[in-house]
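Engineer: Got a structure for you, written out below as structure tokens; questions coming shortly.
Just so you know, all these numbers are worked out from the coordinates, no wet-lab data involved. Since the structure is predicted, the reported quantities are computational estimates derived from the model, not experimental observations. Please note: Cβ atoms are built from the backbone with ideal geometry, for glycine as well, and neighbour counts cover all protein chains shown.
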Amino acid sequence: MTAQSPDQVYPIGMSTQEMVDTCKNHTIYTWSAGNGVNPLPIAHAEGCYIYTPEGQKILDFNAQLMSVLIGHQHPTVIAAMKKQIDELIFVYPQTATAVRARLAKLLAEVVPGMTSFFFTLGGAEANENAIKMARQFTGRQKILSRYRSYHGGTNLTMMLTGDPRRWSSEPGAPGIIRVFDPSPYNFSFGQTDEEIVDNYMVYLEETIQYENPSAIAAMIVETVTGTNGLLIPPKNWFPRLRKLLDKYGILLICDEVMAGMGRTGKMMAYEHFDVIPDITTMAKGLTSSYFPLGAIGVRQEIHDFFQKNTFYGGLTYNSHPVGLATAESVIHVMQDQGMIENASKMQHVMRGHMDRLQAKHPSFAEGRCIGLFGMIDIRKNSKAVGRSRGEAIAPYNGSHPKMNELSAFLRKEGLFTFVRWSSFTCNPPICITPEQLAEGFDIIDRGLDITDQAFEG
Ligand SMILES: Cc1ncc(COP(=O)(O)O)c(C=O)c1O
């Protein structure tokens with residue numbers, strides 16, 4: 001990677017203001033009313049940094065949408081994409097291509113327990129098709145999902161989603177049973193992991209009974225919950241869940257769209273938890289977002305089922321050669337450059353920074369991280385609620401002026417992250433160095449002086 005001159009300007013063929021205004025006037029932004037959007041003008045990106053047209057260098061502490069895992073503009077991947085474009089850009093899904101064969105074989109090697117793959121264009125489509133597969137395979141219709149989750153923006157995946165992004169799409173597709181998470185928001189059924197898991201399994205089994213066990217096809221879970229709080233499951237939760245679902249013939253689907261592909265320091269997050277799902281879904285990091293691609297991985301029995309039975313699903317861009325070539329190259333880059341090992345090593349560096357800032361800033365409630373998947377919660381006081389160290393500065397689905405001020409400060413100081421409700425993310429590309437992490441946490445350290453002003457003691 002070449003070093004950037006700090007005062008370098010990146011020409012965009014129009015003024016920054018014209019670019020921003022035209023984007024706002026002629027495009028619709030996601031999850032927001034356009035008038036309230038303040039889009040970040042970007043002209044260029046490289047490694048762990050993004051650059052404004054004026055050359056402001058911004059450390060990407062969210063890998064854009066938690067997805068540019070190998071860093072921006074990696075030359076090896078760009079070369080592989082160009083090669084595939086020169087060779088073969090597109091063929092329809094009922095074909096065999098070398099790149100399809102190579103990637104499927106590679107995924108079967110690196111995604112534990114999964115032997116066969118179906119390719120989509122992103123995470124929502126992967127989850128939609130995973131549910132179709134589970135329903136066809138089991139002959140059952142109902143699906144269990146959790147409140148603190150996000151599974152995509154399409155009709156069905158909105159209903160799988162627990163968080164408030166679901167509300168405007170309701171009533172939506174039927175057949176979804178939403179259940180609590182092991183540790184409900186700001187409340188805990190018990191103090192120790194063991195007690196929480198014991199109680200949870202009683203609760204879940206009772207719910208399954210009420211819903212008719214023989215009508216439930218699958219339970220879908222984010223292996224480590226992402227935007228809804230970076231929630232790492234309690235110890236032994238997954239093996240106990242697997243056992244309970246097996247008892248009733250209910251499949252386990254691990255949504256690894258955000259947590260997978262090296263983010264947590266292992267290729268798949270479920271490798272941390274002593275469990276193999278029946279189906280797993282991937283997207284985002286699969287191509288490091290260099291090209292739209294999602295994938296569903298299934299166990300051998302499910303593959304075998306669809307050898308004898310028609311899979312009622314299809315997409316024009318299923319197995320798009322350019323997407324597949326991108327994923328293949330991204331996985332090789334991760335392997336060759338030890339990036340997943342780096343995510344595991346850097347967890348300890350991130351942990352150290354979080355602990356240091358917690359000791360220094362009264363508004364710092366808690367920092368969680370697994371690999372380079374991290375989040376910091378801000379509190380307004382030290383009144384312990386359930387397991388938490390204090391009341392959240394903003395209510396669920398709400399905001400607080402000091403969080404808005406923090407967000408503006410981080411952006412001005414050159415740190416890109418997502419600030420939502422009472423939390424903000426620490427999800428940089430997994431190639432980040434200790435020096436770059438220190439740079440990010442130095443800006444956060446100064447930013448937390450702002451939220452400290454709202455701490456009530
Ligand atoms: C856990 C999870 N599942 C599914 C999705 C949906 O993926 P996509 O936006 O590629 O459709 C997301 C996106 O943020 C996600 O985080």
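Engineer: For region 78-205, take the alpha-carbon Rg, divide it by the Kirkwood Rh, and send me Rg/Rh.
Structural biologist: Numbers: Rg = 19.6 Å, Rh = 18.0 Å.
Rounded to two decimals, Rg over Rh is 1.09.
Engineer: Still on this structure, I have one more. ³J(HN,Hα) across region 177-182 via Karplus (A = 6.51, B = -1.76, C = 1.60, θ = phi - 60°), whole Hz, x for Gly/Pro?
Structural biologist: 10, 9, 10, 5, 8, x
Engineer: Using helices alone, what [θ] at 222 nm do you get for the chain, with -39,500 (n - 2.57) per DSSP H run of 4 or more residues, divided over all residues and rounded to the nearest 500?
Structural biologist: Details: 13 runs with 172 residues, N = 457.
About -12000 deg cm²/dmol.
Engineer: Along region 44-52, what does the Karplus equation 6.51 cos²θ - 1.76 cosθ + 1.60 (θ = phi - 60°) give for ³J(HN,Hα), rounded to whole Hz, x for Gly and Pro?
Structural biologist: In residue order, the calculated couplings are 7, 8, 7, x, 8, 10, 10, 10, 6 Hz.
Engineer: How many nm separate the modelled label positions at D452 and E54, each set 7 Å beyond the Cα in the direction of the Cβ?
Structural biologist: 2.9 nm
Engineer: A follow-up question, please. If one computes the Cα centroid of region 133-174 and of region 291-317, what distance in Å separates the two points?
Structural biologist: Rounded to whole Å, the Cα centres lie 19 Å apart.
Engineer: Something else: Quick one: grab Rg to one decimal and Dmax as a whole number for region 340-457, Cα atoms only, in Å.
Structural biologist: Looking at region 340-457, its Cα Rg and Dmax stand at 13.7, 41 Å.
Engineer: For the pair A79 and Y317, how long in nm is the line joining their label points, each one 7 Å along Cα→Cβ?
Structural biologist: If labels sit at A79 and Y317, their model points lie 2.7 nm apart.
Engineer: Would you list, by chain and number, the lysines whose Cα falls below 20 Å from the Cα of K142, excluding same-chain residues fewer than 8 positions away?
Structural biologist: K132, K243, K247
Engineer: Given a Förster distance of 60 Å, report the FRET efficiency between S382 and Y29 from their Cβ-Cβ distance, rounded to the nearest 0.05. Kindly include the intermediate steps, with their values, before the conclusion.
Structural biologist: Details: r = 37 Å, r/R0 = 0.62.
Once the sixth-power term is evaluated, E becomes 0.95.
Engineer: May I pose another question? When each pair of different Cα atoms in region 207-262 is counted once in the 1/r mean, what is the Kirkwood radius in angstroms, to one decimal? Before the final figure, lay out each step's value.
Structural biologist: Numbers: mean 1/r = 0.0806 Å⁻¹.
That comes to 12.4 Å for region 207-262.
Engineer: Given H placed on each backbone N at 1.01 Å, which residues far from G374 in sequence or on other chains put an amide H within less than 5 Å of it?
Structural biologist: The list, which skips near neighbours in sequence, is C426, N427.
Engineer: Here is a follow-up. Return the equivalent ellipsoid semi-axes of region 26-135 as a descending list in whole Å, where each equals the square root of 5 times an eigenvalue of the C-alpha gyration tensor. Please list the in-between numbers first.
Structural biologist: Working: eigenvalues 202, 89, 47 Å².
For region 26-135, the ellipsoid semi-axes come out as 32, 21, 15 Å.
Engineer: Given charges of +1 on the Cβ of Lys and Arg and -1 on the Cβ of Asp and Glu, with all other atoms neutral, how large is the dipole of region 75-336 about its Cα centre, in debye to the nearest 20?
Structural biologist: Working: 24 positive and 26 negative charges, 102 e Å.
Roughly 480 debye, rounded to the nearest 20.
Engineer: Can you give the alpha-carbon Rg of region 1-77 over 2.2 N^0.38 Å, where N counts its residues? Could you put the intermediate results ahead of the total?
Structural biologist: Values: Rg = 13.8 Å, N = 77, 2.2 N^0.38 = 11.5 Å.
This ratio for region 1-77 stands at 1.20.
Engineer: Treating only the Cα positions of region 133-266 as identical point scatterers, give the base-10 log of I(q)/I(0) from the Debye formula at each q in 0.09, 0.10, 0.16 Å⁻¹.
Structural biologist: Debye intensities relative to I(0), on a log10 scale: -0.25, -0.31, -0.83.
Engineer: Still on this model: Could you give me the radius of gyration and the Dmax of region 382-438, taking only the C-alpha atoms into account and expressing both in angstrom?
Structural biologist: Over region 382-438's Cα set, Rg and Dmax evaluate to 13.9, 38 Å.
Engineer: List the DSSP H helices in the chain whose Cα atoms stretch 24 Å or more along the helix axis and whose mean Kyte-Doolittle hydropathy is at least -1.0.
Structural biologist: 193-211, 339-360, 434-452
Engineer: Within the chain, what is the longest stretch that has no GluC sites (Glu not before Pro) placed in a DSSP loop and near at most 16 other beta-carbon atoms within 10 Å? Walk me through the intermediate numbers first.
Structural biologist: Numbers: sites that count: E54, E456.
Excluding the exposed sites themselves, the longest stretch runs over 55-455.
Engineer: Over the C-alpha atoms of the chain, what are the Rg and the largest Cα-to-Cα span, Dmax, in Å?
Structural biologist: So, for the chain, Rg and Dmax equal 22.1, 64 Å respectively.
Engineer: Mind pulling up the Rg/Rh value for region 239-361? Radius of gyration and Kirkwood radius, both on Cα.
Structural biologist: Details: Rg = 17.9 Å, Rh = 16.8 Å.
Rg/Rh for region 239-361 comes to 1.06.
Engineer: Where in region 19-35 does the label zone of I12 land, with the point 7 angstrom along Cα→C-beta and an amide N cut-off under 15 Å?
Structural biologist: 19-27
Engineer: Ratio of Rg to Rh for region 75-336, alpha carbon only, Kirkwood? It would help to have the intermediate numbers written out before the result.
Structural biologist: Details: Rg = 18.3 Å, Rh = 18.8 Å.
Rg/Rh: 0.97.
Engineer: Pairs of alpha-carbon atoms within less than 8 angstrom and 6+ residues apart define the contacts here; what relative contact order does the chain have, in percent? Let's see the in-between values first.
Structural biologist: On the way: 876 pairs, mean separation 90.1, N = 457.
With pairs under 8 Å counted, the relative contact order is 20 percent.
Engineer: If you don't mind, another one. Whole-Hz ³J(HN,Hα) for each residue in region 362-371, computed from phi via Karplus 6.51 cos²θ - 1.76 cosθ + 1.60 with θ = phi - 60°, x for glycine and proline: what do you get?
Structural biologist: Each residue of region 362-371 in turn: x, 7, 6, 7, 7, x, 10, 7, 9, x Hz.
Engineer: Give the peptides 152-161, 75-84 in descending order of average Cβ contacts within 10 Å, highest first.
Structural biologist: The most tightly packed comes first, giving 152-161, 75-84.
Engineer: Further, regarding this structure: Using modelled backbone amide H atoms (1.01 Å from N, in-plane), which distant-in-sequence or interchain residues come within less than 5 Å of A394's amide H?
Structural biologist: S422
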